[in-house]
Amino acid sequence: AKAQGRNAYRFFSAEMSSRARERLLIEQGLRRALQTDELVLHWQPVVDLNGGLTVGLEVLVRWQHPELGLILPARFIPIAEESGLIQALGRWVLMTACRQARLWRDQGGPRLRIAINVSVCQFADEGFESGVRQALQDSGLDPASLELEITESVLQRPEQNQPVLERLRALGVNIAIDDFGTGYSSLALLRQLPVDRIKIDKSFVDDLADDPHATAITGAIVGLAQTLGYALTAEGVETAVQRERLRSMGCDDAQGWLYSRALPVDQVPAWLAGQAAV
Ligand code: C2E
Ligand code: CA
Ligand code: CA
Ligand code: CA
């Protein structure tokens, strides 16, 4: 047992150090990626469940690493958050997304909601609000086209975060609660906070077809949102059955692989053109 313990320890420490090494590599690489053009934005269409037209795009960051290929955010966003790089990364995402969205508009593209993910630590930073203002000013994007996706954890510090939310909304920007139902949220709190939209987490959507409890929960979320006057988007919709359930419940919009994966920037105009022709 002793030898086994020692082996386990050796294995553990080897794994730890390779993890630590990967972390360090990612952190250093991210610093460089922010200077070069290695970060890219992909855009996932958000579709109106009734009309079937694309009404928005969610901006999802990826890292086009010269050796490792395309890296998904789950692998580098947490490290960016812990190292503080998330502020610079978030500013870059905001600026780049707003400029690109404005460019498409100038080229005659449809008016779309541009949804951008914001980490809690990003939101809590003093510079966040000015970053949003600057991205809007610089790009000339209509603030009403911008939607910031925050998670329920932002709602946990209402005294601190409510004024920020209110000022952002005074700019004309929309606020969505992402991954709704997976975190902590007090309904009373939600009611007090200035929020425009709720995004139903994929985990509820996944179970819609056959789990009556999940269906009941999703139905309750939809009912709550309607009562409180929030718009609704369901995320991670993969099947026609899920789409039909959500539509009949009264959910407004949906996104997911049933419609489209997140698209590289050069594929977005063709997607939008195809939609317009339908
Ligand atoms: P999220 O905001 O919940 O984004 C939805 C994730 O689900 C995306 O993963 C998307 O590609 C994926 N997805 C969309 N539809 C489907 C579907 O039908 N089936 C399945 N299986 N997956 C689907 P992605 O792009 O890997 O992003 C993961 C998370 O990383 C996001 O979760 C978001 O929290 C975070 N993230 C992405 N971009 C940014 C960013 O610019 N800033 C910050 N702070 N976080 C970001
Ligand atoms: Ca999101
Ligand atoms: Ca989400
Ligand atoms: Ca989610």
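The values are calculated or read from the model by the stated rules, or taken from the named source; none is laboratory data. Values in this document were obtained by computation on a predicted structure and should not be read as measured data. Cβ atoms come from the backbone with ideal geometry, glycine included; neighbour counts cover every protein chain shown.
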Mind checking which residues of the stretch 183-215 are part of a loop (DSSP other than H, G, I, E, B) and at pLDDT below 80?
-> G183, Y184, S185, S186, A209, D210, D211
Working carefully through the options R91, R75, find the one that is in contact with a Gly (Cβ under 6 Å, 6 or more places away or on another chain) and in contact (Cβ under 8 Å) with a residue 40 or more places away in the chain.
-> R91
Looking at the stretch 145-163, is at least one residue among the hydroxyl-bearing types (S, T, Y) and under 26 Å from A74 (Cβ atoms)?
-> yes
Just need a number here: residues in the stretch 231-248 that are touching a strand residue (DSSP E or B) at 6+ places or on another chain (Cβ under 9 Å), more than 14 Å from ligand 4 (Cβ to nearest atom) and not charged (D, E, K, R).
-> 4
Residue among A231, A188, A220 that alone is within 18 Å of E58 (Cβ to Cβ) and away from ligand 3 (no atom under 14 Å from the Cβ) | A231
Among helices (runs of 4 or more DSSP H) entirely inside the stretch 101-171, those with 1 or more residues being closer than 25 Å to D48 by Cβ are 128-139, 158-170
Yes or no: V222 under 21 Å from the mean Cα position of the chain (by Cα), within 16 Å of ligand 1 (Cβ to nearest atom) and surrounded by 19 or more Cβ atoms within 10 Å (Cβ to Cβ)?
-> no
For A270, work out the one condition from (1) closer than 27 Å to L70 by Cβ; (2) within 16 Å of ligand 4 (Cβ to nearest atom) it doesn't fulfil.
-> (2)
